[in-house]
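Below you'll find the structure, written out as structure tokens, and then a few comments.
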Amino acid sequence: DGQRFGNCVLNSVVEAGEGELYVSQYNMFSVAEKGEHHPSTVLERVQKLVQTLFVTLGLGGTTGVYRCLFDVESRTTTSCKMAASGFVHANGLDLSADLKTLWVSDPIRKELRVFDRDLSTGALTENHSKYMKLNHVVDNVHYDAASGELWTGTITKVISALAPQPDGTMKVPGSFMVGRPDGRGGFNWHDEVAHNGEALDWISACARTDHPASGKTWAVCGGPHGPGLLVCPLK
């Protein structure tokens, strides 16, 4: 009844309650043993070719969101089944405070898909009326219960992610993109922080925090390619 996943196939996880998780599957296949860009076997080469084709054409493949149940006492997984499918890359995800809504980003398509969650069964039903097409490639998404906002880390210039600098480093521009509730069940989006990639390459997630002593509000962003954080004053 369980599900086994390959190397670097999964991306994000969110807890829906004791013993219940939703997990996003980012890649169709396992990453090659010697690294993503170094397939060495015939199978790895074929898998890389197929995944590259799906990504280039923006085709919804076999990736999606799994609902996983586990036993807290024994720490064993009892069930892990696909709950939402049809993504190019199912990536960042988060639940609303009442656990009734799940947001999932699909970066290649620049979209945020929205699912209604059944509280009794955990089943997900896509709410097409709340689907969001976004201006940037969204990596991770976080629902802030205090403000009702959606906080995302984004890539604002996709081509830069494919073109390393002469010294081999990446300087991918990104942003802290915030969706504010519009009062009609949707969100109005704006870049709260925009960065050229010099100090932080590839913004993957951001949060807003207040500093009690100074009374200032700061944006704090992180990325996968460096050990540091980008910290920006907002007011």
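The values are calculated or read from the model by the stated rules, or taken from the named source; none is laboratory data. Remember, predicted model here, so these are calculated numbers, not experimental data. A quick note on method: Cβ atoms are made from the backbone with ideal geometry, for glycine too, and the neighbour counts reach across all protein chains shown. Just the protein is used for accessible areas: all its heavy atoms, side chains included, with ligands, DNA and RNA removed. Shrake-Rupley method; radii C 1.70, N 1.55, O 1.52, S 1.80 Å.
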key: Length added when fully stretched, S85-L49, from 0.36 nm per residue minus Cα-Cα   = 10.9 nm
note = Diffing segment 43-60: the Karplus 3J(HN,Hα) column from phi (6.51, -1.76, 1.60, θ = phi - 60°), in whole Hz with x for Gly and Pro, holds 4, 5, 5, 5, 4, 5, 5, 5, 5, 4, 4, 4, 5, 4, 8, x, 8, x
message = For segment 105-235, compute the orientation-averaged projected area of the C-alpha convex hull (one quarter of its surface), in nm².
response = 10.0
key: Solvent accessible area, Å² - K157, 1.4 Å probe, full protein context   = 110
Ranked order, R208, R75, R113 - accessible area, probe 1.4 Å, largest first = R75, R208, R113
ask   = For the chain, modelled as a GNM with alpha-carbon contacts under 10 angstrom, which of D182, D191, D94 fluctuates the most?
value = D182
query = Taking K and R as +1 and D and E as -1, what net charge do the other residues with C-beta under 14 Å from the C-beta of L99 add up to?
reply = -4
note = Here the relative contact order (percent) of segment 1-152, from C-alpha pairs under 8 Å and at least 6 apart, is 18
query = Counting only residues 5 or more places away or on other chains, whose amide H sits under 5 Å from the amide H of G64 once H atoms are built in the peptide plane?
reply = Q25, A90
ask   = Taking the structure as given and computing Rg/Rh (Cα atoms, Kirkwood Rh), which label from (1) 0.95; (2) 0.98; (3) 1.00 fits?
value = (2)
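With only alpha-carbon atoms in the gyration tensor, what are the semi-axes of the equivalent ellipsoid for segment 57-99, in Å, largest first?
They are 25, 15, 7 Å, listed largest first.
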ask   = With each run of n ≥ 4 DSSP H residues scored as -39500 (n - 2.57), what mean residue ellipticity at 222 nm is computed for the chain after dividing by its residue count and rounding to the nearest 500 deg cm²/dmol?
value = -2500 deg cm²/dmol
ask   = Hey, what's the per residue convex hull volume over the C-alpha atoms of segment 61-182, in cubic angstrom?
value = 157
